[in-house]
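Structure first, commentary second.
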């Protein structure tokens, strides 16, 4: 009887899927100069869910999560904060039963006049 109880506990609990450091080399940013030169971006996302709330036979696919990130990063939207919010909206539409989601967009070595910066970061997180 103890074995069955442990198996049931293992099937419940919290699950997390992540896509980390998805790389893009694209011209994106708020400033006009950023539209002319490709920047190096790394994008990460994390989705937290309660396993017992998943519809029977379903799972969260990290390839679907990566596709959401790609769709928004290659879009015509330039403001990173807007992109992060749109990604979160798509994640919630894809998996309405999730507990929370987080998106981090890092622009590596941004081209700012007379400043050397390793990265600028936009991070958004939402709990449902």
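Residue 44 satisfies every condition listed in (1) more than 21 Å from residue 126 (Cβ to Cβ); (2) touching a residue at least 24 places away in the same chain (Cβ under 8 Å) except (1). State yes or no: is residue 89 under 11 Å from the mean Cα position of the chain (by Cα) and either closer than 30 Å to residue 13 by Cβ or modelled with pLDDT of 95 or more (or both)? In short, yes. Restricting the stretch 58-69 to residues that are assigned to a loop (DSSP other than H, G, I, E, B) and modelled with pLDDT of 90 or more, which is surrounded by the fewest Cβ atoms within 10 Å (Cβ to Cβ)? Looking at the filtered set, the residue picked out is 61.
Total residues in the stretch 27-57 satisfying the condition of being surrounded by fewer than 16 Cβ atoms within 10 Å (Cβ to Cβ), over 30 Å from residue 97 (Cα atoms), at pLDDT 85 or above and out of contact with any helix residue (DSSP H, G or I) (no Cβ under 6 Å at 6 or more places or on another chain): the figure is 2. Selection within the stretch 84-128: residues that are in a helix (DSSP H, G or I) and in contact (Cβ under 8 Å) with a residue 40 or more places away in the chain. The member of this set that is nearest to residue 42 (Cα to Cα) is 84. Would you tally the residues in the stretch 23-53 being out of contact with any strand residue (DSSP E or B) (no Cβ under 8 Å at 6 or more places or on another chain), under 25 Å from residue 93 (Cβ atoms) and in a loop (DSSP other than H, G, I, E, B)? Selection size over the stretch 23-53: 0. Return the pair list, or none, for Cβ contacts closer than 8 Å from residues in the stretch 58-79 that are in contact (Cβ under 8 Å) with a residue 40 or more places away in the chain to residues that are surrounded by 14 or more Cβ atoms within 10 Å (Cβ to Cβ) and part of a loop (DSSP other than H, G, I, E, B), at least 6 apart or on different chains. Going by the 8 Å Cβ cut-off, the qualifying pairs are 60/54; 60/95; 73/28; 78/28; 78/29. Within the stretch 70-78, can one find any residue that is over 16 Å from residue 25 (Cα atoms) and crowded, with 17+ Cβ neighbours inside 10 Å? No, there is no match, as no residue in the stretch 70-78 is over 16 Å from residue 25 (Cα atoms) and crowded, with 17+ Cβ neighbours inside 10 Å.
When the stretch 2-22 is filtered for residues that are modelled with pLDDT under 90 and either part of a strand (DSSP E or B) or at negative phi (or both), the ones remaining, listed by number, are 2, 3, 4, 5, 6, 7, 8, 9, 10, 11, 12.
The values are calculated or read from the model by the stated rules, or taken from the named source; none is laboratory data. Owing to the predicted nature of the structure, the values given are computational and were not obtained by experimental measurement. Positions of Cβ are generated from backbone atoms using ideal geometry, with glycine treated the same way; all protein chains shown enter the neighbour counts.
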